[in-house]
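The values are calculated or read from the model by the stated rules, or taken from the named source; none is laboratory data. The shown structure was predicted, so the numbers you read here are calculated from the model rather than taken from an experiment. Using ideal geometry, Cβ is built from the backbone for each residue, glycine included, and neighbour counts are taken over all protein chains shown.
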Amino acid sequence: MMDGMAILAAAAAPAPGGLVGGLGGMLVPMVLIFAIFYFMLIRPQQRKDKERRDLVDNVKTGAKVMFSGGILGTVSNVKEHTFIIKIADNVRIEVSRGAVTKVLEKGDKAVEEAAA
C-alpha cells in the first residue's frame with residue numbers, strides 16, 4: 001500500500017524545469033493560432049471596412065445609391081454626417097452615411113429595374 005502511494009506521489013510531482021519548457025511549448029502554438037486568425041479574419045475585415053469608408057467618403061451629389069433597407073435614390077445634397085436623398089418626385093429623405101451599402105453605376109441591374 002505504501003509503495004503504491006509513493007509511486008503516485010512521484011508521478012504527480014512536476015519535473016524540475018518543466019514549467020519553463022511547458023510554457024514555451026504552449027506559447028508557440030498560441031502565437032501561430034493568433035497569426036492564422038489575424039491573416040484569415042481580422043485583416044480582410046479591416047480591408048473591407050476601409051473600402052466601404054472610402055466608398056462613402058467619395059459619394060457626390062447626383063450619385064445613385066442603395067441603402068441597407070433596399071431603398072434606391074439619388075444623392076441631392078451631401079452633409080457632414082448625412083445625405084439628402086431624392087427617392088421620388090418631391091420626396092426627399094435624410095439618411096446617415098452608414099446606411100449606404102452600394103454606389104450604383106449606370107450599368108447596374110438594380111438601377112435598370114428601378115427605372116422600369
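Summary table
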{"read-out": "Qualifying positions in region 22-61 - of a type in the set (Lys, Arg) and either at pLDDT below 90 or surrounded by 11 or more Cβ atoms within 10 Å (Cβ to Cβ) (or both)", "value": "ARG43, ARG52, ARG53"}
{"read-out": "Residues that are more than 17 Å from LYS106 (Cα to Cα) and either among the charged types (D, E, K, R) or not in a strand (DSSP E or B) (or both), drawn from region 71-85", "value": "LYS79, GLU80, HIS81"}
